[in-house]
Amino acid sequence: MHDVVIVGAGTAGCVLASRLTEDPDLSVLLLEAGPRDRKLELRVPAAFSKLYRSDVDWGDSTVPQEELDGREVVFPRGRVLGGSAAINAMMVLRGHRGDYDGWPALGCPGWSWADVEPAFARSSAGRFPLAELPERNPLTEAFVQAAQATGIPFSPDLNAGQNDGVGWVPVSQRRGRRFSVVHGYLRPALRRPNLTVVTNALVTRVLLEGGRAVGVAYRLDGDEGEEEAHAERETVLCGGAIGTPHLLQRSGIGRREPLEQAGIGIVHELPGVGANLLDHLANGLLVRTQGVETLASAESLRNLARWALWGRGPLTSNVAEAAAFVRTRPDVATPDLELIFAPVLFEEEGLKRPTEHGVTLAVVLLQPRSVGTVTARSPDPLDPPAIDPRYLTDPSGQDVRTLVHGLRLARRVLAQQPLASFVDEELLPGAGARSDDDLLAHLRARSQTLYHPAGTCRMGTDPLAVVDPALRVRGIDGLRVVDASVIPRLPSGHTNWPTVMIAERAADLVRRR
């Protein structure tokens, strides 16, 4: 028996476990399905895409996406201490203050910019530091200058609240190594006697008694037999926007029809579970370059030695070294498009190793109107859920128009000096792709996730909200959700730091009850 049982040692779980155990009278059990974070690639920043489809990735893909040529999109998720924060590109971008000022109108009072900014500030005071890259590729410097030449203003701080402009991406690193919530939050807390961490523990279901969550059942080290962990005060789900709704559904909590189709008995009908899947869809231009080495040559013994001994060199790169946030229309309240510059050819959804020098200028849809679902296929916890983001299905066509606009803007940036002098040839979609139809074909053939799923256990007060503004699951006592699934609308930034913020605030909510 523990006071609090936390499911998932990803971003939110690590933060929450650390903050709760600052109270010595509160005992916490943290369960993680994956192993401890011992792989070298988990520390080398530039190696993050090598972790895709590895033993620290859940290995998911979406269901075939009708508007993406029927493709199944690779959907990496961390399955290790640190969760997706252990395998991401370390970009620390919280978005625009207007994003959060819009949350109260969506049924989330107490979550405006003024409410959440103190939690952001608290997290960045040592536990989740924002750092500059030790070194940047010369092509990245050229990109920032070229973006300004197209009229995008320079932003010295992309986290200042008003994030319009182009600038350097702050990263969660220290001394050239990944520095995630595991290092800043969890490791210091491991010395506390009131924290127990169990890895390789796959939670199978939430235990419910008389309308109250009393803990969870889990399988340890791949065994088929179940063990139980009981919570005296609360059970908190931190499995992320895919894992949390999947666990709730397997526990009989969700919309009746798909649960019954999956052979799961309904325990508590909550139709919003697994609905409202939001994600940042990304596409971009791949360009062969000349005159400067890119990250294609980063993997050498010399560079490995520079990284290991001094925390320097191209292996310290987070790949996505600079970004620009822009508005494609005057009527949008916050940036709706992001350009991300990577001094490497990021091909085949990150699964292909680059063989020649080049750059990727990614175009990211920040305010998607297309909405998807996460649905359990069966009661079996080893049977992955059906992930259906329904990319580019927005009936108004605005998602497509925004991305096409972004591709044309990216081309204008690449044509500006000093970046233009390094461009050899546009590889994808290719110089011949000029019309809107050509660019749409490229979007359908090459778009991928930017790894920001959210919204599937949406916070709010309406009938489809899964949790209330205190993050309590509606209709069940003793159960909260603390992760990106509660986000009601995606920020015009990224989701890792906002998830840290949510967990910081949740720690206060759990302590106060």
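The values are calculated or read from the model by the stated rules, or taken from the named source; none is laboratory data. Fair warning: this is a prediction, and the values are worked out from it, not measured in the lab. Methodologically, a virtual Cβ is constructed for each residue, glycine included, from the backbone with ideal geometry; neighbour enumeration extends over all protein chains shown.
Looking only at the range 417-453, filter to residues that are over 30 Å from the mean Cα position of the chain (by Cα) and of a type in the set (A, V, I, L, M); which one of those is modelled with the lowest pLDDT? Filtering the range 417-453 for residues that are over 30 Å from the mean Cα position of the chain (by Cα) and of a type in the set (A, V, I, L, M), the one modelled with the lowest pLDDT comes out as ALA431. In the range 284-391, counting only strands (runs of 3 or more DSSP E) that sit wholly within it, the ones holding 1 or more residues that are within 26 Å of ARG178 (Cβ to Cβ) span 322-326, 337-342, 358-365, 386-388.
Test GLY265 against the criterion of being of a type outside the set (A, V, I, L, M, F, W, C), within 18 Å of SER485 (Cβ to Cβ) and modelled with pLDDT of 95 or more, and give yes or no. Spelling it out, it is not the case that GLY265 is of a type outside the set (A, V, I, L, M, F, W, C), within 18 Å of SER485 (Cβ to Cβ) and modelled with pLDDT of 95 or more. Would a scan of the range 373-380 turn up a residue that is of a type in the set (Asp, Glu) and under 27 Å from GLY151 (Cα atoms)? No - not one qualifying residue is present in the range 373-380. Answer yes or no as to whether SER447 is crowded, with 18+ Cβ neighbours inside 10 Å, among the hydroxyl-bearing types (Ser, Thr, Tyr) and in contact with a Cys (Cβ under 9 Å, 6 or more places away or on another chain). Here the answer is no, as SER447 does not meet what is asked. Of the residues PHE120, PHE143, the single one that is in a helix (DSSP H, G or I), in contact with a helix residue (DSSP H, G or I) (Cβ under 6 Å, 6 or more places away or on another chain) and surrounded by fewer than 22 Cβ atoms within 10 Å (Cβ to Cβ) is PHE120.
Only one entry of GLY222, GLY254, GLY210, GLY243 meets the criterion of being closer than 26 Å to SER84 by Cβ and modelled with pLDDT under 95, and that entry is GLY222.
Taking the conditions (1) surrounded by fewer than 24 Cβ atoms within 10 Å (Cβ to Cβ); (2) in contact (Cβ under 8 Å) with a residue 40 or more places away in the chain in turn, GLU224 satisfies each one other than (2).
For the range 472-512, a residue qualifies if it is aliphatic (A, V, I, L, M), part of a loop (DSSP other than H, G, I, E, B) and within 29 Å of ALA282 (Cβ to Cβ), and the qualifying residues are VAL482, ILE487, LEU490. What do you reckon, is VAL63 within 20 Å of the chain's Cα centre (by Cα) and buried (at least 21 other Cβ atoms within 10 Å of the Cβ)? No: the conditions fail for VAL63. In the range 155-194, of all residues being under 23 Å from GLU504 (Cα atoms) and aromatic (Phe, Trp, Tyr), the one that is surrounded by the fewest Cβ atoms within 10 Å (Cβ to Cβ) corresponds to PHE179.
One residue stands out among those in the range 323-338 that are surrounded by fewer than 24 Cβ atoms within 10 Å (Cβ to Cβ) and touching a helix residue (DSSP H, G or I) at 6+ places or on another chain (Cβ under 8 Å): the one that is nearest to ALA89 (Cα to Cα), which is LEU337. Annotation note: of ARG53, ARG38, the sole residue that is surrounded by fewer than 22 Cβ atoms within 10 Å (Cβ to Cβ) and on the phi > 0 side of the Ramachandran plot is ARG53.
Scanning the range 1-43 for residues that are within 19 Å of the chain's Cα centre (by Cα) and either aliphatic (A, V, I, L, M) or assigned to a loop (DSSP other than H, G, I, E, B) (or both) yields a count of 13. Could you tell me which numbered condition ALA9 fails, if it satisfies all but one of (1) in contact (Cβ under 8 Å) with a residue 40 or more places away in the chain; (2) within 19 Å of HIS246 (Cα to Cα); (3) out of contact with any Asp or Glu (no Cβ under 7 Å at 6 or more places or on another chain)? The one condition ALA9 does not meet is (3). In this entry, SER49 passes the filter for residues that are more than 20 Å from SER123 (Cα to Cα), assigned to a helix (DSSP H, G or I) and either in contact with a Lys or Arg (Cβ under 8 Å, 6 or more places away or on another chain) or polar (S, T, N, Q) (or both). The set of residues from the range 147-206 being closer than 30 Å to ALA114 by Cα, among the aliphatic types (A, V, I, L, M) and assigned to a strand (DSSP E or B) comprises VAL166, VAL171.
Out of curiosity, is ALA17 surrounded by fewer than 23 Cβ atoms within 10 Å (Cβ to Cβ) and either touching a Phe, Trp or Tyr at 6+ places or on another chain (Cβ under 6 Å) or of a type in the set (A, V, I, L, M) (or both)? Against the criterion (surrounded by fewer than 23 Cβ atoms within 10 Å (Cβ to Cβ) and either touching a Phe, Trp or Tyr at 6+ places or on another chain (Cβ under 6 Å) or of a type in the set (A, V, I, L, M) (or both)), ALA17 does not qualify.
Residues that are without any contact (Cβ under 8 Å) to a residue 60 or more places away in the chain and closer than 30 Å to LEU309 by Cβ: does the range 199-221 have at least one? Checked against the condition, which is being without any contact (Cβ under 8 Å) to a residue 60 or more places away in the chain and closer than 30 Å to LEU309 by Cβ, the range 199-221 yields no hits at all.
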